[in-house]
Every structure is written in structure tokens, then in C-alpha cells.
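What follows is calculated from the coordinates using simple rules that are stated; it is not laboratory data. It should be emphasised that the depicted structure is a prediction, and the values quoted were computed from it without experimental measurement.
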Amino acid sequence: MTTVTSTAVTTSIRKLHFALHMNMSKQGTTVVTTVASAAGTTSLTKQDTTVVTTVASAAGTKSPRKLCFALHMTMSKQDTTVVTTVASAAGTTSLHVCSNGTWNTTATTVASSGLNTPIGFYLDKIHQIMYITDYGNNRVLQWTVGQPSGTVIAAFHSITGVAVDSTGNVYTSDSNLNTILKFPPGSDETTVGMVVDTVSGPQNLFVDTNDDLYVSDTYNSRVLKYPQRKTPYQIVAGNGTVGSDLNTLNFPIGVYVDPSGNLYVTDYGNNRVLRFPPGSSNTTNGTVVASGLNGPRDTIVDQCGTIYVTDSGSKTVQRWLAGASSGDTILGTIGTSFSPEGIVGS
């Protein structure tokens, strides 16, 4: 794991590292990738940043799924996971990333051991613990960063998304049994998860700063919010009807909530990302913040308002600067076997 630390209360720096976790199954390795800004004056003070992305693919191919800030990316069929963090000295909190920053693809292995099609990924940045849905092995792993192996904390089929609340409860989605399960701290492979609710083909999960749980109810073309992780739920995006209007969705997968409470939905079937304001409902129109994509899976938004999308169809990760009308490719190449899937913020 690589850490960059500023040395003054307010320090001007030229290189900023983002943590990139990339899981590539069938290879059993984990890689650390950093992002460096172009030459310029970048102020970073009292700011710890970590990014996460996950990837899942069909047999024999690489496919990324999940990107976060810090950026963790898992790529199934290669079993590779990547992690890097940035820390600054005590001072005021401020972060600015150059818009023309580029990726440094040199990576360092930080975790490996027998993963098979990892899809979901969550990083507890405070305790440096990774949570990985090891889809092909029907289990969820808790993995301390820097350790050679992880611990099984849940075992069942069709595990897709994973999220952790402030008290350490682990939430997972079972896309086959159409359930959301909760596992208390200290769970192991013998623990029977508590059913939070029954949905239809759930994919990704997200827990916001208020401990509200968001679920992509994928086959019902909507996103659900469970205030304080409890039922009954609220519909916060989509109305349950497949469509391409601003208040309808088509196979939503990724869900992300920024610190201001804005909800970002990765609308896979419509090849776009929609933003919904705080307090939205099933009648609220979203705003298209990224379009013209090709099979987008997940989305993350950084402190500058930059949007990152794992675009599985084009085999790339796309970046959309705040207010931009188009994105640019920061990872992957169209036509290659690389196919991103997940993004999660921490």
C-alpha cells in the first residue's frame, strides 16, 4: 500500500495518488494503482482519500465493475485487487484535483489468494479492512489490507453487492434469492444472515453518512432507500416501470450518494447516469449527468464533482468533469478484454 503525505498545513503538490483496488479473478493477485495529476499547483491539506472499483466477467475474460474515491477496482477472472491511499498532515480540509490528471498504471500487489469472480467491494478506510463478494466461491470475505488472506464472514449463493454501516453490520445482496441480508459484526461462514427485505434481482448497495441503506431493485427498475437500514422502504428513483424518461429506469445497477445527499443511479439499460436530489421519490425527474455510454455498471463522484463510470460495453472507465457534456477514457481500451463493473466510494 502506498501513502503520500503532505508535510505542511497547506502544501502545494504536483502529484496526487488515488487508491485503486482491482480484483482480477483466476489470477489470485491484488494490484495497487495510483493517479497522478499533471504539473501544476494542487493544494491538499488534511485530506485522506481512498478509491475502490470492482470487476466481474464471464469465464476467461477480464471485466471491471466498481470504481470508488479512493478508487478500488475488482476484475473477475483475474482476481486482482488494488489499493492506494493519500494522507496529508494536520491542517484545513481542502482538495483540488487537476482536470488533466493522468493514470500511473504501475501497481503493487497488496492481497491475493483464491478469489473467483469477485464483484462487490467495500473498503473500511478507518480500519483498513476490505469486504469482497467472492461471487464464484459463494462467500463474502473480510480482508485486512496488507494481510496475505481474508476471513470468510458469510457463505451463500449469488452474492453481488456489499456495504457496511457505521456499527460494523455487513449488508449483502443476493440476486438469485432476491433478498438483502444483514450480518452482524463478528459473523463467520456459519452465520445465518437476517433478511432485511425481499426485492427483485438486487445488484449494488450503498450506505450513506446517515446509515441509510440504498438498494438497486434492478428487475423492478427502481432504487429503494431504507432509512436507518430499516423497513419500510422509500422509492427514491424510478417508478417500477421500464422506460427512458427522466423518472423511469431500465435495469439500474449502481447507486451512490454524495455528501450532499444527491443520489446517482447507473441506468444500465439506458446507457446513462442520472442524478436525483435529496428527498426524491418515484415521481421525481432525474438529471442526466452522463450519457452515450455502453453498458455502464457503476458510478462514483469525487469532491470536485467529477463523475467516474465503469463502462463495461466499451471496456473502459469514463471520467466526466463537473458540468461536462462528454467524458474521457482514463482506464481501458475499446476492443480489449478489460471490462469494468463496479465503483464504490469511501
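Values computed for the structure shown
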{"quantity": "Relative contact order of region 226-346, defined on C-alpha pairs under 8 angstrom at six or more residues apart (%)", "calculated": "18 percent"}
{"quantity": "Under 19 Å from the Cα of Lys230 - aspartates and glutamates, other chains or at least 8 residues apart", "calculated": "Asp165, Asp174, Asp197, Asp208, Asp211, Asp212, Asp217"}
{"quantity": "Karplus-derived 3J(HN,Hα), 6.51/-1.76/1.60, for each residue of region 203-208, Hz, glycine and proline x", "calculated": "10, 8, 10, 8, 10, 8"}
{"quantity": "Relative contact order (percent, whole number), region 211-290, Cα cutoff 8 Å, 6+ residue spacing", "calculated": "24 percent"}
{"quantity": "Vicinal HN-Hα couplings computed from phi for region 281-287 (Karplus, 6.51 cos²θ - 1.76 cosθ + 1.60; Hz; Gly/Pro x)", "calculated": "9, 6, 9, 6, 7, x, 10"}
{"quantity": "Cross-link reach list, aspartates and glutamates versus Lys315, counting only Cα pairs under 19 Å and skipping chain neighbours closer than eight places", "calculated": "Asp79, Asp267, Asp298, Asp328, Glu341"}
